[in-house]
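Novice: Handing you a structure now.
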Amino acid sequence: MLKIHQHRSASAAVVLMLAGLLTWPATGLAQLGGSTVVGSASAVQATVLGILGTGTTTVLAGTGTLGGTNDARDTSMDTGSIPSTLNAETLSTDTISWVDEVDSEASLTNLNMTVAGIGITADLVMAQASQVLGAAGSGTSYIDNLSINGMPVAVTGAPNQTIWVSGGQVIINEQTISSTGTAVVNALHVAITGVADVVIASATAGIS
Amino acid sequence: MSKREKKIGQLAILAIMAGGLLVGLLTVRSTPVYAHVVPVTCDFTTGGGFVYNDDGSKVNFGLVAGCKNGGFFGHVNVVNHDTTGMFAGLHISSDKITGYLDPCRNNVCGSPPPTYRDICGVADTNLFGQVYFRARTYDGGEPGSGPKGPDKFGIKICQKDMNGNLACSVYALPQDGGPWLPTRFLQGGNIQLHKNNPSTFYNGPTDESTLCNGVFDDGLGF
């Protein structure tokens, strides 16, 4: 009887140990891989509204979204265009994640676009977004030689610099930080009411 | 030179271009002084912007490259706006990144080592077909562009000639437009060298010749 009891005790101990072993790495993995990451980038995302109000969205050099931690996605085009809307060169995007950080970048050169009759050119448009686990996300935009309707625009570097244009606005270095710290940076955002919404160089990075 | 000789020369150049070969350039590379290798703690670089050719025309580029999960990843794109010479209108679009190196590892460029990185790979072009390339980046601070950078970008492209020797753009003759494109200051844009992270490791071959397909950094400059 005693022997059986001992056997049962030993069995129970083994079960407990196995349970502990099974639980321990599971907990570790959950801690390591438990972060939720958000990362994507696109060189151009243009939504043009039709006469019925339906929108057609075109994305150039979009990375898609990160699949998890320790992922990396990138894409590029030597030239890109949307007929009647824009032309650009060296479109380049990437988004990369680790267990404790996400970085995303988007850039293009030689931008030449026309939206609702408004001409916009720039030599270089770039957005960078980053978030380190536990801290708020941050971002930066780089824009060289921006002109709107042929007039040079002084880029201040401040987030959300807004230029009002006929029927809408151009937001330079548009930045949004979500409640979880995810950073969304749109280097150039052209919004013409009822006509088009065009984002040039967009980078998103978040981890929580 | 007679008109006939000029005509023959022009036809020869056209034939060379049509054949997709970088012949007409010097073909023998020098022996590298240093063995450039993958960064000790590998990282990655992103960048976009433009530099100027010697005649003031633009060379636009966009890139990302580095180590990730034991291998290399990324891309390099270049559009040359020069209108004369062998490389006029050249577009380079990478197919594969085969190497990511620190040309200043082991303090060969001084201490602390300046933050240069070399990106090697295979690319398609609109003028020469497939080429090997080696791009050089330098992150000198923020903002990265202006008359004196401080960030830098350069690239050399190479093809093997009929004898198996590499013909490289940095040795182009003056009549072909001159060397293209030794490293120089960014006039617009930015280069960003990102810090390393546990997943930015590399565990493949480490010899420079393999990583860079035999394209060493001679002629690329700093």
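The values are calculated or read from the model by the stated rules, or taken from the named source; none is laboratory data. Here the structure is a predicted model, which is why all the values come from computation and not from measurement. Ideal geometry is used to build each Cβ from the backbone, glycine not excepted, and the neighbour counts take in all protein chains shown. What goes into the accessible areas is simple: the full protein's heavy atoms, side chains included, and nothing from ligands, DNA or RNA. Shrake-Rupley method; radii C 1.70, N 1.55, O 1.52, S 1.80 Å.
Novice: Going through B:Leu186, B:Leu193, B:Leu220 one at a time, which residue ends up being within 14 Å of chain A (Cβ to nearest Cβ) and open to solvent by less than 20 Å² (accessible area, probe 1.4 Å)? Explain how you work it out, then say what you get.
Specialist: Details: B:Leu193 fails: open to solvent by less than 20 Å² (accessible area, probe 1.4 Å); B:Leu220 fails: within 14 Å of chain A (Cβ to nearest Cβ).
Step by step, each of B:Leu186, B:Leu193, B:Leu220 is checked, and only B:Leu186 is within 14 Å of chain A (Cβ to nearest Cβ) and open to solvent by less than 20 Å² (accessible area, probe 1.4 Å).
Novice: Go through A:Ala201, A:Ala187 for me and flag whichever is within 19 Å of the chain's Cα centre (by Cα), at positive phi, open to solvent by less than 60 Å² (accessible area, probe 1.4 Å) and within 14 Å of another protein chain (Cβ to nearest Cβ). First the steps, then the outcome.
Specialist: Numbers: A:Ala187 fails: at positive phi.
Criteria check complete, one pass: A:Ala201.
Novice: What do you reckon, is B:Gln175 open to solvent by 40 Å² or more (accessible area, probe 1.4 Å) and under 16 Å from B:Phe87 (Cα atoms)? Please lay out each step first, then the result.
Specialist: Details: open to solvent by 40 Å² or more (accessible area, probe 1.4 Å): yes; under 16 Å from B:Phe87 (Cα atoms): yes.
Taking the combined requirement at face value, the residue satisfies it.
Novice: Here's something else I'd like to know. Of all residues in segment B:196-215, which are farther than 29 Å from A:Ser97 by Cβ, open to solvent by less than 50 Å² (accessible area, probe 1.4 Å) and not in a helix (DSSP H, G or I)?
Specialist: B:Asn213, B:Gly214, B:Val215
Novice: Scan segment B:113-126 for residues that are out of contact with any helix residue (DSSP H, G or I) (no Cβ under 7 Å at 6 or more places or on another chain) and open to solvent by 10 Å² or more (accessible area, probe 1.4 Å) and jot them down.
Specialist: Here is the first cut: in segment B:113-126, the residues out of contact with any helix residue (DSSP H, G or I) (no Cβ under 7 Å at 6 or more places or on another chain) are B:114-119, B:121-126.
Answer for segment B:113-126, where residues must be out of contact with any helix residue (DSSP H, G or I) (no Cβ under 7 Å at 6 or more places or on another chain) and open to solvent by 10 Å² or more (accessible area, probe 1.4 Å): B:Pro114, B:Thr115, B:Tyr116, B:Arg117, B:Val122, B:Asp124, B:Thr125, B:Asn126.
Novice: Within segment A:138-153, take every residue that is open to solvent by 40 Å² or more (accessible area, probe 1.4 Å) and assigned to a strand (DSSP E or B) and give me the one that is farthest from A:Gln175 (Cα to Cα). Quick ask: steps written out before the conclusion?
Specialist: Quick first cut of segment A:138-153, residues open to solvent by 40 Å² or more (accessible area, probe 1.4 Å) only: A:138, A:140, A:145, A:149-152.
Then keep just the ones that are assigned to a strand (DSSP E or B); that gives A:138, A:140, A:151-152.
On the way: A:Ser138: 9, A:Thr140: 8, A:Met151: 24, A:Pro152: 22 Å.
It comes out as A:Met151.
Novice: While we're here: Could you tell me how many of the residues in segment B:90-104 are open to solvent by 10 Å² or more (accessible area, probe 1.4 Å) and within 10 Å of chain A (Cβ to nearest Cβ)?
Specialist: As a first pass, look at segment B:90-104 and keep what is open to solvent by 10 Å² or more (accessible area, probe 1.4 Å): B:91, B:93-98, B:102.
Still in the running and within 10 Å of chain A (Cβ to nearest Cβ): B:91, B:93-94, B:97.
Of the residues in segment B:90-104, 4 are open to solvent by 10 Å² or more (accessible area, probe 1.4 Å) and within 10 Å of chain A (Cβ to nearest Cβ).
Novice: Check B:Tyr202, B:Tyr138, B:Tyr171 and return the single one that is among the aromatic types (Phe, Trp, Tyr) and over 18 Å from the mean Cα position of the chain (by Cα). So that I can check it myself, show each step before the final result.
Specialist: On the way: B:Tyr138 fails: over 18 Å from the mean Cα position of the chain (by Cα); B:Tyr171 fails: over 18 Å from the mean Cα position of the chain (by Cα).
After ruling out the rest, the residue left standing is B:Tyr202.
Novice: Return the residue satisfying two criteria in turn: it lies in segment B:129-160 and is in a loop (DSSP other than H, G, I, E, B) and more than 14 Å from chain A (Cβ to nearest Cβ), and of such residues it is surrounded by the fewest Cβ atoms within 10 Å (Cβ to Cβ). Give the derivation first.
Specialist: First pass over segment B:129-160, keeping only residues in a loop (DSSP other than H, G, I, E, B): B:129, B:139-151.
Checking which are more than 14 Å from chain A (Cβ to nearest Cβ) leaves us with B:129, B:140, B:148, B:150.
Numbers: B:Gly129: 13, B:Gly140: 18, B:Lys148: 8, B:Pro150: 17.
Residue satisfying both the conditions and the ranking: B:Lys148.
Novice: Quick one: is A:Thr176 closer than 20 Å to A:Thr63 by Cβ and open to solvent by 50 Å² or more (accessible area, probe 1.4 Å)? Walk me through how you get there before you give the answer.
Specialist: Working: closer than 20 Å to A:Thr63 by Cβ: yes; open to solvent by 50 Å² or more (accessible area, probe 1.4 Å): yes.
Yes: the conditions hold for A:Thr176.
Novice: Would you confirm whether or not segment B:27-37 contains a residue that is open to solvent by less than 20 Å² (accessible area, probe 1.4 Å), under 30 Å from A:Ala72 (Cβ atoms), modelled with pLDDT of 50 or more and away from chain A (no Cβ under 11 Å)? I'd like the intermediate steps shown before the answer.
Specialist: First, pick out the residues of segment B:27-37 that are open to solvent by less than 20 Å² (accessible area, probe 1.4 Å): B:36.
Remaining after also requiring under 30 Å from A:Ala72 (Cβ atoms): B:36.
Now drop any that are not modelled with pLDDT of 50 or more, which leaves B:36.
Filter once more, keeping what is away from chain A (no Cβ under 11 Å): B:36.
Looking for residues that are open to solvent by less than 20 Å² (accessible area, probe 1.4 Å), under 30 Å from A:Ala72 (Cβ atoms), modelled with pLDDT of 50 or more and away from chain A (no Cβ under 11 Å), one finds at least one in segment B:27-37, hence yes.
Novice: Which members of segment B:85-114 meet the condition of being polar (S, T, N, Q) and at pLDDT below 95?
Specialist: Taking segment B:85-114 first, the residues polar (S, T, N, Q) are B:93-94, B:98, B:106-107, B:111.
Selection gives B:Asn106, B:Asn107, B:Ser111.
Novice: Moving on. Would you please name the residue that is surrounded by the fewest Cβ atoms within 10 Å (Cβ to Cβ), looking only at residues in segment A:123-136 that are among the small types (Gly, Ala, Ser) and in a strand (DSSP E or B)? Give the steps one after another, and end with the answer.
Specialist: Start the filter on segment A:123-136 by keeping residues that are among the small types (Gly, Ala, Ser), which leaves A:127, A:129-130, A:134-136.
Okay, now just the ones that are also in a strand (DSSP E or B), so A:127, A:129-130.
Details: A:Ala127: 32, A:Ala129: 32, A:Ser130: 24.
By that ranking, first place goes to A:Ser130.
Novice: Mind listing whichever residues of segment B:51-89 are within 10 Å of chain A (Cβ to nearest Cβ), under 14 Å from the mean Cα position of the chain (by Cα) and in contact (Cβ under 8 Å) with a residue 40 or more places away in the chain?
Specialist: B:Val59, B:Phe61, B:Leu63, B:Ala65, B:Val76, B:Val78, listed by residue number.
Novice: Something else now. Going by the structure shown, is A:Thr156 within 14 Å of chain B (Cβ to nearest Cβ) and open to solvent by 60 Å² or more (accessible area, probe 1.4 Å)? Spell out the reasoning first.
Specialist: Numbers: within 14 Å of chain B (Cβ to nearest Cβ): yes; open to solvent by 60 Å² or more (accessible area, probe 1.4 Å): yes.
Yes: the conditions hold for A:Thr156.
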